Amino acid sequence: MATSFPQKNRYTFTTFFFLLLLLLSIFFFSKRALEPSLVLYRDLNLKTPSLSPPTTSPQPISVFASPSDPERVDSSALQPISPRSESVSIESEFNGEVAVEEKSNGSVSAVVDDNAGNVFMEEKVRRPEKCDLYMGKWVKDEDYPLYRPGSCPYVDEAFRCQGNGRRDSEYLKWRWKPDGCDLPRFNATDFLMKLRGKRLMLVGDSMNRNQFESILCLLREGLPDKSKMYEIHGYKITKGRGYYVFNFLDYNCTVEFVRSHFLVKEGIRINSQGNSNPTLSIDRIDKSAKRWKRADILVFNTGHWWTHGKTARGKNYYKEGDFIYPKFDAAEAYRRSLRTWAKWIDENVNPEKQLVFYRGYSSAHFRGGDWDSGGTCNGETEPILSGAFLDNYPLKMKMVEEVIKEMRVPVLLLNVTRLTNFRKDGHPSIYGKNVTDGRKVSTRRQDCSHWCLPGVPDVWNELIYASLVLKQTISSTI
């Protein structure tokens, strides 16, 4: 029996409907395959400057990320790099979706999905051929500081300038700008991802404690739940204690500080009158070195204590073996101490698994004296913008460069000397103690060596972040 006309129409309509559905599906999935990152780009809201040399038009945004597999701790992800590398490669591991495009001009673009529907980064990096991150100038930036004064509980009293009564605030709004490129905008979450499963340790004097407190405050900004960061012994940061370990629970990483004024061994001797006098063994590593071995990333410094009285005079102070020199040149003692440190690094650090930084000398700005002889810097509200002082480069820094060049293990020099030359406005000066309760501010002894926080040490940590960014190359498969 022939099929009726209504039945034919019904079958024709059904067939047409399924064909239309098939065509729409093909079109939809083809578009997704051809444009996998459209949704990711629309959702991306984190913008940072690129590392490309400045042009007449705004550069693409740049966020740098390379999170490791959270189930695996692999210190070898951080390889030591040369402080004077002329080319940049960026390499990352990621346990998720990555869309990568490399262009003929050397730039790389990437958007990462963490397999949980979250966008982690977009990357557009031009590889600067010869950009010295340490030659540049300070520029005003209303997005600074990177954390609010008074918002971070890890700044001790000596560096809490605003809380101690400093009223001017323009010194907080300066950003370091290298001459040939831009630093990547600091991203605390990305930095924490790079530290996942690792130990970052700062070793040195109170200037490194200044930097240590800065990095704690910067990383704290990347934590939605601030209680997930704490000092494992329950210690509050003060200048009297020499060892701190802060744990970041969500990232299984620690940021630590180990006090070592000289990086070599301090001791005492008993003189003929039965009194004890300090000594410095310039051929023996500091006793805290047993802790250094445990770190994945190390940041060393020494310098300011070498200008103190007994160290500068060098009388019955410097020691090699069992011999105490009646008189010894402080500069030569500094050089030999650096070589003792370098020898320890070469013998104890595995460059396949550990990364070493040495932070250079940070400039002081005393007028009319020194730290212990009436030197002052209060009333300074702007950086030095020109003049011979900007070209000051201490003999100690030349020695540091020489020693690092002789080493087997690559060490990255954070050469902050020149960028700190500018910043006579950034010191605590008379605001190193809390005087807001009505007590008179004493101007007799001023701190023109350390730095207010927020402030200049934040940039040192931005440079560590930039160094980690610049040593990686995106290599991934869609």
One finds, for Arg241 and Arg408 with R0 = 25 angstrom and r their Cβ-Cβ distance, a FRET efficiency to the nearest 0.05 of 0.15
Restraint check, Lys265/Lys327; Lys140/Lys236; Lys265/Lys424; Lys194/Lys228; Lys319/Lys396; Lys177/Lys471, Cα-Cα greater than 24 Å
Lys140/Lys236; Lys265/Lys424
Report, by chain and number, residues whose modeled amide H sits under 5 Å from the one on Gly136, excluding near sequence neighbours (fewer than 5 apart, same chain).
Asp179
How much length, in nm to one decimal, is gained on full extension between Asp141 and Leu249, taken as 0.36 nm per residue of separation minus their Cα-Cα distance?
35.6 nm
Contour minus Cα-Cα span, Ser151 to Glu231, at 0.36 nm per residue, comes to 27.1 nm
Using 1/(1 + (r/R0)^6) with R0 = 51 angstrom and r between the beta carbons of Leu23 and Leu385, what's the FRET efficiency to the nearest 0.05?
0.15
Cα-centred dipole magnitude for segment 136-467, charges only on beta-carbon of K, R (+1) and D, E (-1), debye, nearest 20:
860 debye
Distance from a point 7 Å along Cα→Cβ of Ala331 to each backbone N in segment 277-313: keep the residues under 17 Å and list them by number.
303-304, 306-308, 311-313
Under-5 Å amide H pairs with Tyr358, H placed in peptide plane, nonlocal only:
Phe300, Leu412, Leu413, Leu414
For segment 136-149, Karplus couplings with θ = phi - 60° (6.51, -1.76, 1.60), whole Hz, Gly/Pro x:
x, 8, 8, 10, 5, 8, 6, 7, 9, x, 7, 8, 6, x
Order the peptides 223-232, 149-158 from the highest to the lowest mean number of other Cβ atoms within 10 Å of their residues.
149-158, 223-232
Virtual paramagnetic centre 7 Å along Cα→Cβ of Asp322, amide N under 18 Å, in segment 261-290
267-272, 279-284
For segment 136-467, take every pair of Cα atoms, bin their distances at 20 Å starting from 0, and report each bin as a whole percent.
30, 60, 10, 0
Contour minus Cα-Cα span, Val435 to Glu170, at 0.36 nm per residue, comes to 93.3 nm
I'd like the FRET efficiency for Arg294 and Ser467, computed as 1/(1 + (r/R0)^6) with the beta carbon distance as r and R0 of 30 Å, rounded to 0.05.
0.90
Along segment 271-287, Karplus-curve 3J(HN,Hα) (6.51, -1.76, 1.60; θ = phi - 60°) to the nearest Hz, with x for Gly and Pro, reads 7, 5, 8, x, 8, 8, 10, x, 9, 9, 7, 6, 10, 10, 6, 4, 5
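Rule-based calculations on the coordinates, nothing more; no lab input. Treat the numbers as computed from the prediction; the structure is a model and nothing was measured. With ideal geometry, Cβ positions are generated from the backbone for all residues, glycine too; neighbour counts draw on all protein chains shown.
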